[in-house]
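First comes the structure, then the notes that go with it.
The numbers here are math on the coordinates, done by the rules we state, and not lab data. Not measured: the values here are computed from a predicted model. Heads up, the Cβs are rebuilt from the backbone with ideal geometry, glycines too, and the neighbour counts pull from every protein chain shown.
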Amino acid sequence: MFKELDPLLHSQLRLSIMSLLISLESAEFSYLLEQTRASKGNLSIQLNKLKEAGYISIRKSFRNNYPLTTCKITPKGVKAFENYVETLSEYINKKKP
């Protein structure tokens, strides 16, 4: 029997975001935009979904009078990502009966 994959992380863009943040202390919006090649609007929507789930935190500030958005994975997000990867590994390594 297969465990269910986290539907929030099963989105390609949200999984990409989490994959980037898992190995970084934090990342600026512009970095995530560049790495994921998403549109600004789509990236914003997906970041908000991850934030609402408690998987990331978002800090808005200013640098030289320009808005700066910084994202960081939360402990809940780390756990969700690790569970997702573990479940996916089980799918891949499932032996035939």
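Tell me which GluC sites (Glu not before Pro) from the range 8-54 have a DSSP coil assignment and no more than 14 other beta carbons within 10 Å of their own. Taking the range 8-54 and a limit of 14 other Cβ atoms within 10 Å, the loop GluC sites (Glu not before Pro) found are 25. In a DSSP loop and with at most 14 other Cβ atoms within 10 Å, the trypsin sites (Lys or Arg not before Pro) in the chain are 3, 37, 94, 95. For the chain, the C-alpha radius of gyration divided by 2.2 N^0.38 Å, with N the number of residues, is 1.20. Measure nothing but the geometry: give the 0 to 90° angle between the long axis through the Cα atoms of 40-52 and the longest principal axis through the Cα atoms of the chain, rounded to 10°. Compared with the principal axis, the helix lies near 60 degrees. Close amide H partners of residue 56, meaning residues 5 or more places away or on another chain with modelled amide H under 5 Å apart, are 51, 74. In order along the range 79-90, phi translates into HN-Hα couplings of 4, 4, 5, 4, 5, 4, 5, 5, 5, 4, 4, 5 Hz, rounded to whole numbers, per the Karplus curve 6.51 cos²θ - 1.76 cosθ + 1.60 with θ = phi - 60° and x for Gly and Pro.
Taking other C-beta atoms within 10 angstrom as a stand-in for reagent exposure, 55, 91 fall in the order 91, 55, fewest first.
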